[in-house]
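A.B. asks: Handing you this structure, nothing more for now.
No lab work stands behind these numbers, since they all come straight from the coordinates. The model shown is predicted, which means the values in this text are computed figures rather than measured ones. Ideal geometry is used to build each Cβ from the backbone, glycine not excepted, and the neighbour counts take in all protein chains shown.
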């Protein structure tokens, strides 16, 4: 029995030693894995940008423009007068003081995108210039005249051309892919404050920023961007251009780490069109739209959350031809779920003219599938809504939901300069009502209630009664002001 006990004890000791050896081996393996992960992460952080800068610097150019201007006094802004980004960024004019006409010069940046001399920059860098000169990287050509191929003020992009060949150039990258995520390294190059070629590095601070344009899709970065960097490239670590440096936010005109570059997702389409046509040719859906707000959701049957773009008007054009109607909520365009009007406008504008696009809309609680053949925005957007007059009649009036409403008469048409012939005119508003807080004004015309057209007071009262019976807490009104429509949801009186 004693020998058996000793054997058991020896077996237990052997098992403990084996267990300790296993635990030690496992700990070493885990430590090695963490070390490899740490090494990989360290390798993801560039130890230097020198090799990348050396590789792509020859494709970056300085741009000098010359313009004859009238003399003026006072401080200069951050962009030339009239630029769509005047509040955000510019290049200072370099002319001297004086009251008479004088020649002024300005500096900016750009980059070569083809070996035969096409150059991308900002529109505000070359806008109004009489002469555009290109200076290549030290050791290259200087004072090379450039031809203006085309501009797009909406995105502040311009394309130039120099009569040179076999130039070093860079390519555009995917501003929506790896290398352009928030936190990824980026490098800006250009001609800040006229100091010549300069490199700065940082990270992507934010995505999809909007400043003041319809097609804004900016990458925000903390890489230093100053006056003169405008029009220069923002590179990812693969040396691809993912943005065009365009704007800064700053209380003093200098970089504080909030810079904006128009994303390559927008720029590439614009550049291709400017090179091919000398102008942009954007898709046009042919509707007026507004965002769906949270307070409108309950009033829209079948909508579960504030999303999509609500159609407020359908003039003659592509959408009307496809059967789209005012009150439709566009939830899907060309297979892309639509979150708001800004996204829809950008996607439509980037779509080719003449393309057949499937569009899914919510209408009266049900989904409807339409096919729209896109028109061209530049030639079709200014479709006019014809105005007509009303015959003289005694209008019916009522007070409801804090509004005093009247049917349209020639007198009210003249008084408020109305451009519609059907609906109810707001002639007074209770200042303490919800309608007043929603921004409704005297002279506004309500043309729809509950997404149905109204012409009389009886029509309006019937729509309110129907909404109440359906258990709705609010009713959706289509309101027109000066010809511009928008939807407003008002809470129903209990």
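A.B. asks: Stretched out fully, how many nm does the piece from residue 321 to residue 492 gain, at 0.36 nm a residue minus the Cα gap?
C.D. replies: Extra length from residue 321 to residue 492 when fully extended: 58.0 nm.
A.B. asks: In vacuo Debye scattering of the range 445-494, one point per C-alpha: log10 I(q)/I(0) at q = 0.15, 0.23, 0.31, 0.32 Å⁻¹?
C.D. replies: -0.36, -0.80, -1.21, -1.25
A.B. asks: For residue 163 and residue 116, calculate 0.36 nm times their separation in residues minus their Cα-Cα distance, and state this gained length in nm to one decimal.
C.D. replies: Computed gain between residue 163 and residue 116 is 16.2 nm.
A.B. asks: Another question, if that's okay. Extending each Cα 7 Å along its Cβ direction at residue 397 and residue 206, get the distance between those two points in nm, one decimal.
C.D. replies: It works out to 4.8 nm between the two label points.
A.B. asks: Follow-up question, since we're still on this one. Efficiency by 1/(1 + (r/R0)^6): what FRET value for residue 66 and residue 421, r their Cβ-Cβ distance, R0 = 51 Å, to the nearest 0.05?
C.D. replies: Efficiency at R0 = 51 Å is approximately 0.40.
A.B. asks: Then there is this: If you wrap a convex hull around the Cα atoms of the range 154-297, how much volume per residue is inside, in Å³?
C.D. replies: Residue-normalised Cα hull volume stands at 155 Å³.
A.B. asks: According to a simple spin-label model (label point 7 Å from Cα along Cα-to-Cβ), what is the distance in nm between residue 147 and residue 453?
C.D. replies: Label at residue 453, label at residue 147, 5.3 nm between them.
A.B. asks: Per q in 0.11, 0.15, 0.21, 0.23 Å⁻¹, report the Debye log10 I(q)/I(0) for the range 96-186, using one uniform scatterer on each alpha carbon and no solvent.
C.D. replies: -0.42, -0.71, -1.09, -1.19
A.B. asks: May I pose another question? For 155, 427, what ranking results if the residue with the fewest other Cβ atoms within 10 Å of its Cβ goes first?
C.D. replies: Listed from fewest to most nearby Cβ atoms, that is 427, 155.
A.B. asks: I would also like to ask the following. Stokes-Einstein diffusion coefficient for the range 283-380 at 20 °C in a medium of 1.002 mPa s, Rh from the Kirkwood formula over Cα pairs: what value in µm²/s?
C.D. replies: 163 µm²/s
A.B. asks: Tell me, what is the percent relative contact order of the range 185-277, built from C-alpha pairs under 8 Å that lie six or more residues apart?
C.D. replies: For the range 185-277, the relative contact order is 26 percent.
A.B. asks: Further question on the same structure: Using packing as a proxy for protection, rank 399-408, 363-372 so that the peptide with the highest average count of other Cβ atoms within 10 Å comes first.
C.D. replies: Ranked from most to least packed, the peptides come out as 399-408, 363-372.
A.B. asks: Ok, one more. Roughly what would the spin-label model give for residue 437 and residue 214, points 7 Å off Cα along C-beta, in nm?
C.D. replies: With each label point 7 Å from Cα toward Cβ, the separation is 3.4 nm.
A.B. asks: Now for a separate question. Pairs of Cα atoms under 8 Å, at least six residues apart: use those to get the relative contact order of the range 208-339, whole percent.
C.D. replies: Rounded, it is 16 percent for the range 208-339.
A.B. asks: If the label point is 7 Å along Cα→Cβ of residue 371, which residues in the range 263-285 have backbone nitrogen under 19 Å from it?
C.D. replies: 284-285
A.B. asks: How would you rank 304-317, 227-240, highest first, on the average number of other Cβ atoms within 10 Å across their residues?
C.D. replies: Ranking the peptides 304-317, 227-240 by packing returns 227-240, 304-317.
A.B. asks: Let me ask something additional. Stretched out fully, how many nm does the piece from residue 238 to residue 379 gain, at 0.36 nm a residue minus the Cα gap?
C.D. replies: 46.8 nm
A.B. asks: A follow-up question, please. Given a Förster distance of 35 angstrom, what is the FRET efficiency for residue 277 paired with residue 54, based on the Cβ-Cβ distance and rounded to 0.05?
C.D. replies: E between residue 277 and residue 54, to the nearest 0.05, is 0.45.
A.B. asks: Something else now. Specify whether the C-alpha gyration tensor of the range 330-381 places it in the rounded, prolate or oblate class, a ≥ b ≥ c being the square roots of the eigenvalues: rounded for a/c under 1.5, otherwise prolate if a/b is larger than b/c and oblate if not.
C.D. replies: It is prolate, given that a/c is not under 1.5 and a/b is the larger ratio.
A.B. asks: Go from 0 up to the bin containing the longest alpha carbon distance in the range 397-491, width 5 Å each, and give me the % of pairs per bin.
C.D. replies: 3, 15, 27, 28, 19, 6, 2, 0
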